[in-house]
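Remarks on the structure that follows.
The values are calculated or read from the model by the stated rules, or taken from the named source; none is laboratory data. None of the values given here were measured: they were computed from a predicted structure. No Cβ is skipped: glycine too gets one built from the backbone with ideal geometry, and neighbour counts run over all protein chains shown. With ligands, DNA and RNA removed, areas are computed over all heavy atoms of the protein, side chains included. Shrake-Rupley method; radii C 1.70, N 1.55, O 1.52, S 1.80 Å.
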There are 2 protein chains.
Amino acid sequence: MTPLNLIETLIGIVGPSHVLTGDDADSYEQDWRRRGRGKALCVVRPGSTDQVARVVKACSEHGVAIVPQGGNTGLVGGSIPDGSGTQVLLSLRRMIAVRAIDPQNMTMTVEAGCVLQSLQEAADQAGFLLPLSLGAEGSCTIGGNLATNAGGTQVLRYGNARDLCLGLEVVTPQGDVWEGLSGLRKDNTGYDLRDLFVGSEGTLGVITSATLKLYPKPAAQLTAWAALASLEDANRLLGLAHRRAGASLTGFELMNRFSLELVDKHYPHLRVPMWREHAWCVLIEISDAESELHARGLLEQLLENAFEEGLVADAIVAENLKQVHDLWHIRESITLAQTEEGFNVKHDISVPVSRIPEFVRQADAALSAALPGVRFVTFGHLGDGNLHYNIQAPAGSDAPTFVTAHEAAISTLVYDLVSQHAGSISAEHGVGELKRHKLPQHKSAVALNLMRAIKSAIDPLNTMNPGRVLESST
Amino acid sequence: MTPLNLIETLIGIVGPSHVLTGDDADSYEQDWRRRGRGKALCVVRPGSTDQVARVVKACSEHGVAIVPQGGNTGLVGGSIPDGSGTQVLLSLRRMIAVRAIDPQNMTMTVEAGCVLQSLQEAADQAGFLLPLSLGAEGSCTIGGNLATNAGGTQVLRYGNARDLCLGLEVVTPQGDVWEGLSGLRKDNTGYDLRDLFVGSEGTLGVITSATLKLYPKPAAQLTAWAALASLEDANRLLGLAHRRAGASLTGFELMNRFSLELVDKHYPHLRVPMWREHAWCVLIEISDAESELHARGLLEQLLENAFEEGLVADAIVAENLKQVHDLWHIRESITLAQTEEGFNVKHDISVPVSRIPEFVRQADAALSAALPGVRFVTFGHLGDGNLHYNIQAPAGSDAPTFVTAHEAAISTLVYDLVSQHAGSISAEHGVGELKRHKLPQHKSAVALNLMRAIKSAIDPLNTMNPGRVLESST
């Protein structure tokens, strides 16, 4: 059969207006970070699980590869086709139904193309909290969130996307539908297929729907901002916050001085507090089941104890909801401020929380020795041991030239150190195209062999997002 | 090679005193529920991961099946050998080291043979809570807990064993060691091997060690006992408790009148409250980060609102720690009281919380119609949608005769209804030997095919606990 036959078949399944080629396919082929661009045979936009199944079956019969795509906001090039013009890009964005909300079971069942923010809003209107929250929430889709096991700012309390998922509906590489939309919190009837598909980045099947856990809405959320002298103090403060706040502790974000300097420089109206005088700042979030007053009492008591123990040099508790938002806005502006400052080298890494101080000290020292003057934009989710450890070119240097010349060496140094500290070279962004070449150096042969065995067993024709996560075997 | 060659090889690996045969093997071959007994070629008791790997490799080379065993407290016959005398029983009970406790990372890394209660105590001594808790905790091992994804009484807040596990060390069916002992809360570098091994009941490999999440110890735990007229009211009270207590709600146990009548009859000194006048009682547990006073205020306010809304007919809050323990003891005595009463038919099922009332009404009606006079021991973890829906013979009838005659029909009726309500026929006990024949009627062909593909890919010789979870293919 020819590619044209396949396109005709796909048009027969989803209708001519939902099979896109040429310029119409353009926006789907462009990587979010604008570091890559692919070329699809066509973009196909099914509107139902049945259509997805028929599309996948047709592609499988033609031996044609499929690249599933949600909001296309991934950061590792996992959701665009390669440059061959032979792969079918399967966009889930038309599948946007909230199929059910079950208040007594505290679950919602939604289709893969739903934009995360719209689901947060739907949960809110039903009186619940959907606690998955990340920068791209206005564009990313829940299918993509699950396929990449997205993280974000509330993992400390609620876990990753994986932890919020009770069940999945998945189209297998053969075009069968696995009806795993369980609303069950306990089900021990066999292997955990759900968690195998979650985080597999579209290489084992296409997630078409999911049942998600909902949580009670907190009565109040409040934040504090504290300045600290060292990462050791940040870790001690984190431990104190865990002990005092228990499950009310829903955020603990770390920012180094330079990351805040960049926000101050590029967005001076945000009025970043305390950054000039202190090496580190943290943003602490409390979600309180009781009241804002209770949350305030908790935060004030926590900070008072932290002062007494000499952990905190300066601190404020947000006065009102606007200030809560303003403080979060500063934290969330670091990435954009960094982009304003110019090209840089990004790392999304994790190590055990206890090893963060030593990791940062060693990485800073090694990079400063190798490349004098480099600047460290170190921030992230300290409570999860997850840092965005990013490197900005020395002041005054040409950033693009610097990045081109040194990116590979910088990342190798950082990732080697991550492995020495028993860490992960991709804490929340996944592997995709960008990091698959790195895996053999950072995962054991036993782990990779198990992954390859699973891939071959479930997708023997290697038509599902080939060459992502694992390199295509020859 | 002969079985004797293999035994010689095993003795060479673990030493003669740790390869048991004949009477010495007896206690390992007996099922916990005393419903079955197997016969092993031998029992081998390795003392290290390296020894486990060499034992597994030797068995694999001989094509001899391995049955891993922890505390042997499973309820589905998954940890005893078959009757052939050809299988090697691999006991993990000598591997009892707590390898590390990392307070800042809030993790502990432990060997598979550690008894759960000893780990709860080790966590407590380190200032933390290990929130896995179940009836068999004095005998069961963490390796078995993870291999079966154990549940228990605190799943409502902390999840199943799966949710408490950050990393695993596993010996593969080929005798390789997967070093996956991650202390990371975020790691998106490939397929979720951890969750594939968790709950696979020893059919994909042998768990030798695990890294577990620890939690801050609550400042206080307090319980209330409330009497209700209906399951609908119980569900509404559960929703109210979620909204009021948030993450402080750590237990919500349901008990019907007859289950409490049995406790009262067989253990009158336990002084079961409220059972005579009310159809249902619930036990509510609050774990408070602040104080007992705060927990008491929360529970009293919750119950006051519940009275106002007409959900609760009667209620008490425990006066002191002794009363907290006494109330839990009543709940935990139901299983033993049932045994005292005589043979019965047990079901460990789950449905979405919202469907519990309808499920129980339909199941009670259908069974009462089919077998007039049967008595329902209905209790369990309402917050997880998990009921132990057990059937006692009619009063005055001969229980063993009744069970023998009707067990199969009763279970078929119950499981069919569970499936109609999108539930699970094994919420927390697993599949093992007991329920594998049931899976094809209650899981889709697509799910079973995926499971079989994974099993064949990882254990192509089918030497790992063959015939458990999945039937051995021919």
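For segment A:416-423, the criterion of a residue being open to solvent by less than 10 Å² (accessible area, probe 1.4 Å), within 12 Å of chain B (Cβ to nearest Cβ) and assigned to a helix (DSSP H, G or I) is satisfied by at least one position.
Annotation: residue A:452 fulfils all but one of (1) in contact with a Ser or Thr (Cβ under 8 Å, 6 or more places away or on another chain); (2) facing another protein chain (nearest Cβ under 7 Å); (3) surrounded by fewer than 21 Cβ atoms within 10 Å (Cβ to Cβ); the unmet one is (2). Within segment A:455-474, the residues that satisfy the criterion of being in contact with a helix residue (DSSP H, G or I) (Cβ under 7 Å, 6 or more places away or on another chain) and at the interface with another protein chain (Cβ under 10 Å from one of its Cβ atoms) are A:456, A:457, A:458, A:470. All of (1) open to solvent by 20 Å² or more (accessible area, probe 1.4 Å); (2) assigned to a helix (DSSP H, G or I); (3) of a type in the set (A, V, I, L, M) hold for residue A:461 with one exception: (2).
What number of residues within segment A:299-344 satisfy the criterion of being of a type outside the set (Ser, Thr, Tyr) and assigned to a helix (DSSP H, G or I)? Quick ask: steps written out before the conclusion?
Start the filter on segment A:299-344 by keeping residues that are of a type outside the set (Ser, Thr, Tyr), which leaves A:299-332, A:334, A:336-338, A:340-344.
With assigned to a helix (DSSP H, G or I) added as a condition, the list becomes A:299-308, A:321-332, A:334, A:336-338, A:340-341.
Here the count works out to 28.
Scan segment A:361-383 for residues that are within 14 Å of another protein chain (Cβ to nearest Cβ) and farther than 20 Å from residue A:434 by Cβ and jot them down.
Initially, segment A:361-383 is screened for residues within 14 Å of another protein chain (Cβ to nearest Cβ), giving A:380-383.
Hits for segment A:361-383 are A:381, A:382, A:383.
Flag set for residue A:398, criterion: more than 25 Å from the chain's Cα centre (by Cα), more than 8 Å from chain B (Cβ to nearest Cβ) and open to solvent by 60 Å² or more (accessible area, probe 1.4 Å). The condition of being assigned to a helix (DSSP H, G or I), open to solvent by 40 Å² or more (accessible area, probe 1.4 Å) and among the basic types (Lys, Arg) holds for residue A:296. Going through segment A:147-183 one residue at a time, which ones are in contact with a Pro (Cβ under 8 Å, 6 or more places away or on another chain), buried (at least 24 other Cβ atoms within 10 Å of the Cβ) and at the interface with another protein chain (Cβ under 9 Å from one of its Cβ atoms)? Listed by number, the list holds a single entry, A:183. The residues of segment A:224-239 that are in a helix (DSSP H, G or I) and more than 10 Å from chain B (Cβ to nearest Cβ), listed by number, are A:231, A:233, A:234, A:237.
Just name the residue that is farthest from the other protein chains (Cβ to nearest Cβ) out of those in segment A:65-100 that are in contact (Cβ under 8 Å) with a residue 60 or more places away in the chain, of a type in the set (A, V, I, L, M) and more than 17 Å from residue A:41 (Cα to Cα). Checking each candidate, the answer is A:95.
Looking at segment B:254-293, which of its residues are of a type in the set (Val, Ile, Thr) and in a loop (DSSP other than H, G, I, E, B)?
First pass over segment B:254-293, keeping only residues of a type in the set (Val, Ile, Thr): B:263, B:272, B:282, B:284, B:286.
The one that is of a type in the set (Val, Ile, Thr) and in a loop (DSSP other than H, G, I, E, B): B:272.
Among the residues of segment B:347-359, is there at least one that is in contact (Cβ under 8 Å) with a residue 40 or more places away in the chain, away from every other protein chain (no Cβ under 14 Å) and of a type in the set (Lys, Arg)?
Filtering segment B:347-359 for residues in contact (Cβ under 8 Å) with a residue 40 or more places away in the chain gives B:347-359.
Going one step further and asking which of them are away from every other protein chain (no Cβ under 14 Å), we end up with none.
No, segment B:347-359 has no match at all.
What number of residues within segment B:171-195 are part of a strand (DSSP E or B) and within 24 Å of the chain's Cα centre (by Cα)?
Within segment B:171-195, the first condition is being part of a strand (DSSP E or B), and the residues that meet it are B:171, B:177-180.
Adding the requirement that they be within 24 Å of the chain's Cα centre (by Cα) leaves B:171, B:180.
So the count comes out to 2.
Evaluated against (1) open to solvent by 10 Å² or more (accessible area, probe 1.4 Å); (2) facing chain A (nearest Cβ under 9 Å); (3) farther than 21 Å from residue A:351 by Cα; (4) in contact with a helix residue (DSSP H, G or I) (Cβ under 7 Å, 6 or more places away or on another chain), residue B:221 falls short on exactly one condition, (2). Checking A:203, A:208 one by one, the residue that is within 9 Å of chain B (Cβ to nearest Cβ) and farther than 30 Å from residue B:433 by Cβ is A:203 and no other. In summary, residue B:369 fulfils each of the numbered conditions (1) open to solvent by 30 Å² or more (accessible area, probe 1.4 Å); (2) part of a loop (DSSP other than H, G, I, E, B); (3) modelled with pLDDT of 95 or more with the single exception of condition (2).
If you go through segment B:27-83 and keep only what is part of a loop (DSSP other than H, G, I, E, B) and of a type in the set (Lys, Arg), you end up with B:33, B:34, B:35, B:39, B:45.
Looking at segment A:384-395 only, could you name the residues that are within 14 Å of chain B (Cβ to nearest Cβ) and either out of contact with any Pro (no Cβ under 7 Å at 6 or more places or on another chain) or more than 24 Å from residue A:427 (Cβ to Cβ) (or both)?
First, the residues of segment A:384-395 that are within 14 Å of chain B (Cβ to nearest Cβ): A:384-389.
If the condition is that a residue be within 14 Å of chain B (Cβ to nearest Cβ) and either out of contact with any Pro (no Cβ under 7 Å at 6 or more places or on another chain) or more than 24 Å from residue A:427 (Cβ to Cβ) (or both), then A:384, A:386, A:387, A:388, A:389 are the ones that fit.
Which of the residues spanning segment A:139-188 are closer than 14 Å to residue A:116 by Cβ, modelled with pLDDT under 95 and not hydroxyl-bearing (Ser, Thr, Tyr)? Of everything in segment A:139-188, those that are closer than 14 Å to residue A:116 by Cβ, modelled with pLDDT under 95 and not hydroxyl-bearing (Ser, Thr, Tyr) turn out to be A:151, A:152, A:154. Are any of the residues in segment A:72-86 modelled with pLDDT of 95 or more, more than 30 Å from residue A:425 (Cα to Cα) and not aromatic (Phe, Trp, Tyr)? Yes, the conditions are met somewhere in segment A:72-86.
Test residue B:136 against the stated conditions and say whether it is within 12 Å of the chain's Cα centre (by Cα) and away from chain A (no Cβ under 12 Å). Let's see the steps before the verdict.
Working: within 12 Å of the chain's Cα centre (by Cα): yes; away from chain A (no Cβ under 12 Å): yes.
Yes.
Would you say residue B:380 is surrounded by fewer than 18 Cβ atoms within 10 Å (Cβ to Cβ) and either within 20 Å of residue B:261 (Cα to Cα) or not hydrophobic (A, V, I, L, M, F, W, C) (or both)? Reasoning before the result, please.
Details: surrounded by fewer than 18 Cβ atoms within 10 Å (Cβ to Cβ): no; either within 20 Å of residue B:261 (Cα to Cα) or not hydrophobic (A, V, I, L, M, F, W, C) (or both): yes.
No: the conditions fail for residue B:380.
Total residues in segment B:195-218 satisfying the condition of being open to solvent by less than 20 Å² (accessible area, probe 1.4 Å) and in contact with a strand residue (DSSP E or B) (Cβ under 7 Å, 6 or more places away or on another chain): the figure is 14. The residue list A:428, A:433 contains one member that is more than 7 Å from chain B (Cβ to nearest Cβ), closer than 29 Å to residue A:134 by Cα and modelled with pLDDT under 95, which is A:433.
Among A:288, A:314, which is open to solvent by less than 40 Å² (accessible area, probe 1.4 Å) and of a type in the set (D, E, K, R)? Steps first, answer last, please.
Details: A:314 fails: open to solvent by less than 40 Å² (accessible area, probe 1.4 Å).
So the residue among A:288, A:314 that is open to solvent by less than 40 Å² (accessible area, probe 1.4 Å) and of a type in the set (D, E, K, R) is A:288.
Reported count of residues in segment B:131-161, each being hydroxyl-bearing (Ser, Thr, Tyr) and touching an Asp or Glu at 6+ places or on another chain (Cβ under 8 Å), is 2.
Farther than 24 Å from residue B:255 by Cα and in a helix (DSSP H, G or I): does that describe residue B:470?
Numbers: farther than 24 Å from residue B:255 by Cα: yes; in a helix (DSSP H, G or I): no.
So residue B:470 does not fit the description; no.
Can you confirm whether segment A:109-117 contains a residue that is of a type in the set (Ser, Thr, Tyr), more than 8 Å from chain B (Cβ to nearest Cβ), touching a Phe, Trp or Tyr at 6+ places or on another chain (Cβ under 8 Å) and open to solvent by 10 Å² or more (accessible area, probe 1.4 Å)?
No, segment A:109-117 contains no residue that is of a type in the set (Ser, Thr, Tyr), more than 8 Å from chain B (Cβ to nearest Cβ), touching a Phe, Trp or Tyr at 6+ places or on another chain (Cβ under 8 Å) and open to solvent by 10 Å² or more (accessible area, probe 1.4 Å).
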